[in-house]
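Student: Before I ask anything, here is the structure I am working with.
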Amino acid sequence: MPLGKATEVVASLVVAGGLACTWCASTQFSRAALSGHKDDFSAPYFLMWFHTNLIVSCYPVYLLSARIRKMNLKEAHAEAQLVFGEAGLCFWSIVKYVLPFLFLWTGANYLYARCLSHVSASIATSISSGNAAMVYVLAIFILSERFHMQKAFAVILGVGGIVLISIDPSDKSDGQWVGYVLAVVSAFFSALYKVIFKKVIGDATLSQVSLFMTCLGFLNLTINVIPAFVLAYTVETLKWAYVPWGFIFGGAILALMFDFLINFGIALLNPLVISVGMLVGIPVNTAVDMVRGKVSTDSWYIYVGTILVILSFMLIVVPWQYNPACLEKPDEEKEKDDSKMDSSFGEE
């Protein structure tokens, strides 16, 4: 059901604000869980596994909302299964379509959680936002995305911002360079996930994304449980009596809300709303860390680096429109297709 103009504006503001707040808060909660008492709890893989388990609820929540809206559940489920092609939802479809994405999801989220043990939440979010530029570069090679000068410039700005943040002399945290590398590799996995999802799945509806995410959560629950507990009792540190469940549950619920808002925003609103929400989340996280004394307020490296990443993000995600009077378009239909593709990439 299409939204009215006024309702859409209000919904866009709520979703953008909600994305910024939930992203900031979930990252801060995860950081608090991993950096509080490392002698008692330092298990980023367990944290990633626990958080991902909650996305199992995505499709049931969608079906509940469909029921409330008096939709035909049989038809809704049939439409959702199309995300797996003609075979629909079956064991081999999950293995074929979902399992490869589980590895990319695990790589992105585990490395992100691990980097929070070494750097502040604001630095982690700033660097991870650079995946918008990575998405564009990967899309050129994997999706034959057309080259645009302003997006190439955005990639340069993003790299420059990440470098400035990384060489900040005021950051004296333990293993800071390890954290920077982990954040960059996490951003790469995230970008690869998005581009390959676009290549394999294409443009999915809300019901299809919800079903896909539930299957992803189920595979995580059953497959990642093994390395989660093996690592917890070997490489990582997990003492059950001292596990910070408050921070873990809080971060997991906030991360789930973040995923719901992304799915809702993509399905019913302009995808740019998602990008704006992510954009606002960067300075919000920086402000929170400054108030908490986790980031120096005197370092121009952080300020300039964050600004460069934000500018890079904006140049990538904003669907810039060219003036036909100033730029000749030899193939109008191709330009329309390229414009649609441009607006599909760059969301965090």
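The values are calculated or read from the model by the stated rules, or taken from the named source; none is laboratory data. None of the values given here were measured: they were computed from a predicted structure. Using ideal geometry, Cβ is built from the backbone for each residue, glycine included, and neighbour counts are taken over all protein chains shown.
Student: Consider V163 carefully, then state whether it is of a type outside the set (S, T, N, Q), out of contact with any helix residue (DSSP H, G or I) (no Cβ under 6 Å at 6 or more places or on another chain), at pLDDT below 80 and surrounded by fewer than 16 Cβ atoms within 10 Å (Cβ to Cβ).
Tutor: Details: of a type outside the set (S, T, N, Q): yes; out of contact with any helix residue (DSSP H, G or I) (no Cβ under 6 Å at 6 or more places or on another chain): yes; at pLDDT below 80: yes; surrounded by fewer than 16 Cβ atoms within 10 Å (Cβ to Cβ): yes.
Yes.
Student: Do we find that M341 is farther than 29 Å from D40 by Cβ, under 23 Å from the mean Cα position of the chain (by Cα), modelled with pLDDT under 60 and not in a loop (DSSP other than H, G, I, E, B) in this structure? Reasoning before the result, please.
Tutor: Values: farther than 29 Å from D40 by Cβ: yes; under 23 Å from the mean Cα position of the chain (by Cα): yes; modelled with pLDDT under 60: yes; not in a loop (DSSP other than H, G, I, E, B): yes.
For M341, the condition - farther than 29 Å from D40 by Cβ, under 23 Å from the mean Cα position of the chain (by Cα), modelled with pLDDT under 60 and not in a loop (DSSP other than H, G, I, E, B) - is met.
Student: Sticking with this structure for a sec: I'd like to verify a number: residues in the stretch 294-319 that are more than 18 Å from the chain's Cα centre (by Cα) and modelled with pLDDT under 70, how many?
Tutor: 7
Student: Can you tell me which residue is farthest from G265 (Cα to Cα) among those in the stretch 35-58 that are under 19 Å from the mean Cα position of the chain (by Cα) and of a type in the set (S, T, Y)?
Tutor: My answer is Y45.
Student: Report those helices (runs of 4 or more DSSP H) wholly inside the stretch 1-116 carrying at least 1 residues which are free of Cβ contacts under 8 Å to residues at least 24 places away in the same chain, charged (D, E, K, R) and surrounded by fewer than 14 Cβ atoms within 10 Å (Cβ to Cβ).
Tutor: Numbers: elements: 5-35, 44-53, 58-68, 73-80, 99-115.
Once the helices (runs of 4 or more DSSP H) in the stretch 1-116 are filtered for at least 1 residues that are free of Cβ contacts under 8 Å to residues at least 24 places away in the same chain, charged (D, E, K, R) and surrounded by fewer than 14 Cβ atoms within 10 Å (Cβ to Cβ), what remains is 5-35, 58-68, 73-80.
Student: G202 fails exactly one of the following numbered conditions: (1) in contact (Cβ under 8 Å) with a residue 60 or more places away in the chain; (2) farther than 17 Å from G107 by Cβ. What is the number of that condition?
Tutor: (1)
Student: Ok, one more. Output yes when any residue across the stretch 166-174 is over 30 Å from R292 (Cβ atoms) and in a helix (DSSP H, G or I), and no when none is.
Tutor: As a first pass, look at the stretch 166-174 and keep what is over 30 Å from R292 (Cβ atoms): none.
Looking for residues that are over 30 Å from R292 (Cβ atoms) and in a helix (DSSP H, G or I), one finds none in the stretch 166-174, hence no.
Student: For the stretch 171-183, state whether one or more residues are surrounded by 21 or more Cβ atoms within 10 Å (Cβ to Cβ) and under 15 Å from the mean Cα position of the chain (by Cα).
Tutor: First, the residues of the stretch 171-183 that are surrounded by 21 or more Cβ atoms within 10 Å (Cβ to Cβ): 171, 179-180, 182-183.
Filter once more, keeping what is under 15 Å from the mean Cα position of the chain (by Cα): 183.
Yes, the stretch 171-183 has at least one match.
Student: Consider T22 carefully, then state whether it is polar (S, T, N, Q), over 16 Å from L238 (Cα atoms) and at pLDDT below 85.
Tutor: Working: polar (S, T, N, Q): yes; over 16 Å from L238 (Cα atoms): yes; at pLDDT below 85: no.
Answer is no for this residue.
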